[in-house]
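K.L.:
Handing you this structure, nothing more for now.
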Amino acid sequence: MRSVLLALFLAAMTAGSAVAIEPERRDAIVVTGRVWDGFAFQEMFLPSRSSALHLIAGEDSALSFVSTKEYYWPLSRQVYVDFEAKRQDIDGVLKISKDGKDIAVIHPSPYVILYPKGAVNGHGQLLWGDAALAAYRTYQDDERSFNRRYSEALARQTAYEKRLVEAGTARIKGAPAEVISPPEALPTPSLRLVTAPVRAYRLSVPAGRYDMALYTEEERPIEGTARTLDIIDMNGRGVVVADVVSEERWTRPIQSDHPGERIFVRPGSTFYLTLAAADRFQEPDYLSVVSPQADVVPGRDIVVRRKPADIDVVVVHFGGAEAEASLARFKVEQAAGSGFGYRVRSVKPGEREDLTAFAVTVPSDGEIVSGQVSTRPGTAFNRDIVVVQPRNSSLALGLAFLPLLGWCGFRLRRQGTFRTGPAD
């Protein structure tokens, strides 16, 4: 009986704790949709109490106003929504105004995102209306056709393998060798992707600061939908950044995102360089778009890497000599012996590379103390190289004893001055 009462008490305590941490949900109108981040379309959610919506110019954005249940979670200090409990899209007319004048009146329409080379490669396109619905139907037809062709090719491949086994078994029993032609290779899937159609408001206005709100067909504003709209420009944000990979730490590359950063190397060593296309933003400009609730630091830069840079050759300068390094594929092997470490070599035919990079070899000449690596135009990417020469052991030992020698000299001088001084 005592055990039963204890179990009931613990269950009641647990239930009470669960109720205590359950956040309070409230009805609210939030803004959600797909926004352009300069490279791809990101999902975005703007809480009801956020008065400003930040976007990046250059591509359309798809916005929806949704009536839902909203709650604050203190552990993450962020607002969340419960779309499963309630999600009601608000239809109306979206008006964009500036200085009290309407510059755009937008009605909702279906849209899809078309990724010609897959979502991972970016370069998405928003298609609207009938074009969106037609693109999605074509995509579904292509996917069904591929699935059918793949299933048929897989069946032929399975039948071929079965015939090989049967022919081998018959051959063992003395039957003549049978020539079996292999089937065609399995079809390669396409990276093309079209998302399912969704209704939203198509927002496409130049960079600037605006006001926006939803209105009914009778020109009455819908409460809770008014927001300030801040759109920034993308011009001049593209940069090329790098990862510096040393042979002994190839799994932990060192990022180099700013032109003023230098690369420190040893004479005679080889390091590997990978380049990436990126965009540089002020932190509030970017995070306010893709993560409106993030804590930002005004004035701090943020570099957003997009994809490998379309650069095949870099120019390396050491001691007045110029050489080119081409983008190459490398295999990384763990060195044998008690010291372990790694060895980087060029890939052999049929091997899969571990690293695709530019190999930069530092001269072993002790007189060379600096160098430079850059792209051919000299503007897209440029980094200074500092050659750290090996330490002179004799000089280092002398410098280590220098304070002691100075102290001894000071003591001897003091004693000599005391002995030759005037008598009392």
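The values are calculated or read from the model by the stated rules, or taken from the named source; none is laboratory data. Owing to the predicted nature of the structure, the values given are computational and were not obtained by experimental measurement. Because the Cβ atoms are built from the backbone with ideal geometry, glycine has one as well, and the counts that use them run over all protein chains shown. Accessible surface areas use protein heavy atoms only, side chains included; no ligands, DNA or RNA. Shrake-Rupley method; radii C 1.70, N 1.55, O 1.52, S 1.80 Å.
K.L.:
What's the percent breakdown of Cα-Cα distances in region 240-390 across 5 Å bins, shortest bin first?
P.N.:
2, 8, 16, 18, 18, 14, 10, 7, 4, 2, 0
K.L.:
Still on this structure: About the Cα centre of the chain, how large is the charge dipole given +1 on each Lys and Arg Cβ and -1 on each Asp and Glu Cβ? Please answer in debye to the nearest 20. Display every interim value, and only then the final one.
P.N.:
Working: 51 positive and 52 negative charges, 320 e Å.
My answer is approximately 1540 debye.
K.L.:
Same structure again: Looking at Gly168, Ala155, Pro116, which one has the Cα that reaches farthest to the positive end of the dipole of the chain (charges on Cβ: Lys, Arg +1; Asp, Glu -1)?
P.N.:
With unit charges placed on the Cβ atoms, the residue in question is Gly168.
K.L.:
To continue, here is another question. Name the residues whose placed amide hydrogens come within less than 5 Å of the amide hydrogen of Leu355, ignoring near sequence neighbours (fewer than 5 apart) on the same chain.
P.N.:
Phe330
K.L.:
Express the carbon and sulfur contribution to the solvent-accessible surface of the chain as a percent, rounded to the nearest whole number, probe 1.4 angstrom. Write out the running numbers ahead of the final one.
P.N.:
Working: 14370 of 26630 Å².
Summing carbon and sulfur atoms, their accessible area is 54 percent of the total for the chain.
K.L.:
Whose amide H sits under 5 Å from the amide H of Lys307, counting only residues 5 or more places off or on another chain, with H placed in the peptide plane?
P.N.:
Those lying under 5 Å, H to H, from Lys307 are Ala277.
K.L.:
Apply the membrane-span-like helix rule to the chain: whole DSSP H runs, Cα extent along the own long axis of at least 20 Å, mean Kyte-Doolittle hydropathy at least 1.6. List the helices found.
P.N.:
In the chain, the long hydrophobic H runs are 2-21.
K.L.:
Under 5 Å between amide hydrogens, which residues at least 5 positions from Phe381 or on another chain qualify, with H placed 1.01 Å from N in the peptide plane?
P.N.:
Thr375
K.L.:
Which listed residue (Leu63, His107, Gln282) has the Cα farthest towards the positive end of the charge dipole for the chain, taking +1 on Lys and Arg C-beta and -1 on Asp and Glu C-beta about the Cα centre?
P.N.:
Gln282
K.L.:
Related question: Based only on the alpha carbon positions, what is the Kirkwood hydrodynamic radius of region 246-325, in angstrom?
P.N.:
Evaluated on region 246-325, it is 15.7 Å.
K.L.:
Looking at region 129-194, which trypsin sites (Lys or Arg not before Pro) are DSSP coil and have at most 10 other C-beta atoms within 10 Å of their C-beta? Mind showing how you got there, number by number?
P.N.:
On the way: sites: Arg137, Arg144, Arg148, Arg149, Arg156, Lys162, Arg163, Arg171, Lys173, Arg192; in loops: Lys173, Arg192.
Here the trypsin sites (Lys or Arg not before Pro) that fit, given the DSSP loop and packing criteria, are Lys173.
K.L.:
So for region 52-188, averaging the separation of alpha carbon pairs under 8 Å that are six or more residues apart and normalising by length, what relative contact order in percent results?
P.N.:
Numbers: 118 pairs, mean separation 17.2, N = 137.
Once divided by the residue count of region 52-188, the mean separation gives 13 percent.
K.L.:
Connecting C-alpha atoms closer than 10 Å in a GNM of the chain, tell me which of Thr356, Thr274, Thr188 has the biggest fluctuation.
P.N.:
Thr188
K.L.:
Here's a follow-up. Across the chain, what fraction of all alpha-carbon pairs, as a whole percent, falls in each successive 20 Å bin from zero upward?
P.N.:
16, 32, 31, 16, 4, 1, 0
K.L.:
Over the chain, average the accessible area per residue using a 1.4 Å probe and give it in Å², no decimals.
P.N.:
63 Å²
K.L.:
On a full-extension model of 0.36 nm per residue, what is the gain between Thr216 and Ile172, subtracting their alpha-carbon distance, rounded to one decimal in nm? Kindly include the intermediate steps, with their values, before the conclusion.
P.N.:
Working: separation 44, 0.36 × 44 = 15.84 nm, distance 8.21 nm.
Additional length available on full extension: 7.6 nm.
K.L.:
At q = 0.17, 0.27 Å⁻¹, what log₁₀ I(q)/I(0) does region 128-195 have when each alpha carbon counts as one equal point scatterer in the Debye sum?
P.N.:
Ignoring solvent entirely, the Cα scatterers give -0.72, -1.10.
K.L.:
Taking all pairs of different Cα atoms in region 92-233, averaging 1/r and flipping that mean, what Kirkwood radius in angstroms comes out? Could the numbers behind the result be given before it?
P.N.:
Details: mean 1/r = 0.0494 Å⁻¹.
Its Kirkwood hydrodynamic radius stands at 20.2 Å.
K.L.:
Comparing Val112, Val205, Val369, which has the greatest mean-square fluctuation in the GNM of the chain with Cα pairs linked when under 10 Å apart?
P.N.:
Val369
K.L.:
Under unit Cβ charges (Lys, Arg +1; Asp, Glu -1), what dipole magnitude, rounded to 20 debye, does region 122-198 have relative to its Cα centre?
P.N.:
Dipole of region 122-198, to the nearest 20 debye: 280 debye.
K.L.:
Using just the helices of the chain, give the 222 nm mean residue ellipticity in deg cm²/dmol: DSSP H runs with n ≥ 4 each add -39,500 (n - 2.57), and the total is spread over all residues, rounded to 500.
P.N.:
Here the helix-only value at 222 nm equals -8500 deg cm²/dmol.
K.L.:
Assuming a ≥ b ≥ c are the square roots of the Cα gyration tensor eigenvalues, decide whether region 159-291 counts as rounded (a/c under 1.5), prolate (otherwise, with a/b larger than b/c) or oblate.
P.N.:
Since a/c reaches 1.5 but b/c is at least a/b, the shape of region 159-291 is classed as oblate.
K.L.:
Total Lys pairs in the chain closer than 26 Å by alpha-carbon, pairs eight or more apart in sequence or interchain only?
P.N.:
Working: Lys69/Lys86; Lys69/Lys95; Lys86/Lys95; Lys117/Lys307; Lys162/Lys173; Lys307/Lys331; Lys307/Lys348; Lys331/Lys348.
Qualifying lysine pairs in the chain: 8.
K.L.:
Also, quick follow-up: Can you work out ³J(HN,Hα) from phi for every residue in region 317-332, in order, using Karplus 6.51 cos²θ - 1.76 cosθ + 1.60 and θ = phi - 60°, giving whole Hz and x for Gly and Pro?
P.N.:
Values per residue, Gly and Pro as x: 10, 9, x, x, 8, 10, 9, 9, 10, 9, 5, 9, 9, 10, 10, 10 Hz.
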